[in-house]
Each structure stands twice: as C-alpha cells, then as structure tokens.
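Enquirer: Please find one structure pasted underneath; my questions will follow.
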Amino acid sequence: MDIALYHHLPSGGALLHFANIARTLAARGHRLTLYTPQTAERDFSSFGDVLERQHVFPRTAWKPGNSLLNPWRYRQYMESLIALEQKNAEQLLGAGHDGVFLGQCRTWTEPPLLAALRGKRPTVLYCNEPRRSFHDDRARQAMSVWPRWKKIWRLPTVRWMQEQMHRHIL
C-alpha cells in the first residue's frame, strides 16, 4: 500500500514511537510519504531511509505573545490553522495515497486533517496520549482555582478549542 504519514510533533518519545511504526510499515512492504508542517521536527534520524518522499506544509508558529493575555488573537491564529489544514488535506488527497496514518498534532492533539479526510481515505489516528485538560477531571479542577483574571481571558479560548477538537474527532 501507498501510505501517507502525518505528524506535527516535537522531538521526543512520541515522535520516536511514530518513527518506529513507520519503520514497521516499511518493513512490511508499504511505500511511505511523510507530510509535516514546517513547525514540526523534520530532521529526525529515526525515520532512516524508510520514507520515499517528504512534503513540508507551510505553517507559521504562534508569535504574538502569551495566549493567556490575548485569547482573541490566539483564536484567530487557530482558525487560520484550521483553514490551512483544509488546504493541506486537499493536497494530500490529490496525491492518491491508499491510506493515511495520522500522528498527533502538538497544537490540537487531533489534527484538523482528520475531519477533512473523513470518508475520503482510510485513516488511522494514533494518539500517544490526549491532552489531559480535555479528559482529566483533575486538570479541569486545577483550572477552576485559577485567578479570576486568568479565567476571564483563558476559559473562552479553552472552551472553543475543546469544541473544535471534538468536532474534528466525532
């Protein structure tokens, strides 16, 4: 099979495990193409020579400052990333791969590509670990004792991100 791999991970254990899965797929005779945003770790030696091709999507990193202090600008940035991921999905679909293996996204955990690929290609989402704040009651309780100024600015953005993540998964 011709399989597209996607990840937006920094260097570390999750990327190492993702590379191990890629090597296993290649050992079983699959052709692999890696797609990554330019903000992901791309010079990772653990992939070795198992990749036939590698494509880098354009993506800007969050620069304007602390998202807690400017949640509206952060939300605009996140909305622009969703639109960019839709374009990336079109490019990936146009390449004619038989299937897609999605790794996690450091921004969203579940990449917005997942929603764009739904029903168009067989797709597997590998979650090393979901963000704790979206499933763990202890993390939500910790946020409940934040100072009032932090809640006012942060919680609407957190709720919006939760809604977006669930929309991409379900």
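Enquirer: If I ask for residues that are open to solvent by 40 Å² or more (accessible area, probe 1.4 Å) and under 18 Å from L15 (Cα atoms), which ones from the stretch 102-124 would you list?
Expert: R106, V124 - these are the residues of the stretch 102-124 that are open to solvent by 40 Å² or more (accessible area, probe 1.4 Å) and under 18 Å from L15 (Cα atoms).
Enquirer: Inside the stretch 28-61, can you point out the residues that are of a type in the set (K, R), surrounded by 13 or more Cβ atoms within 10 Å (Cβ to Cβ) and assigned to a strand (DSSP E or B)?
Expert: Selection gives R31 alone.
Enquirer: Next question. Filter the stretch 62-71 for residues that are among the hydrophobic types (A, V, I, L, M, F, W, C) and either at pLDDT 80 or above or open to solvent by 70 Å² or more (accessible area, probe 1.4 Å) (or both) and give the result.
Expert: Of everything in the stretch 62-71, just one residue is among the hydrophobic types (A, V, I, L, M, F, W, C) and either at pLDDT 80 or above or open to solvent by 70 Å² or more (accessible area, probe 1.4 Å) (or both), namely L69.
Enquirer: Step by step: first the residues of the stretch 72-101, then only those that are of a type in the set (G, A, S) and touching a residue at least 24 places away in the same chain (Cβ under 8 Å), then the one that is surrounded by the most Cβ atoms within 10 Å (Cβ to Cβ). Which residue is that?
Expert: A89
Enquirer: Go through (1) touching an Asp or Glu at 6+ places or on another chain (Cβ under 7 Å); (2) at pLDDT 80 or above; (3) not polar (S, T, N, Q) and name the single condition P112 misses.
Expert: (2) is the only condition that P112 fails.
The values are calculated or read from the model by the stated rules, or taken from the named source; none is laboratory data. Keep in mind it's a predicted model, so treat the numbers as computed, not measured. We place every Cβ from the backbone using ideal geometry, glycine too, and count neighbours over all the protein chains shown. Calculation scope for accessible area: heavy atoms of the full protein, side chains included, ligands and nucleic acids excluded. Shrake-Rupley method; radii C 1.70, N 1.55, O 1.52, S 1.80 Å.
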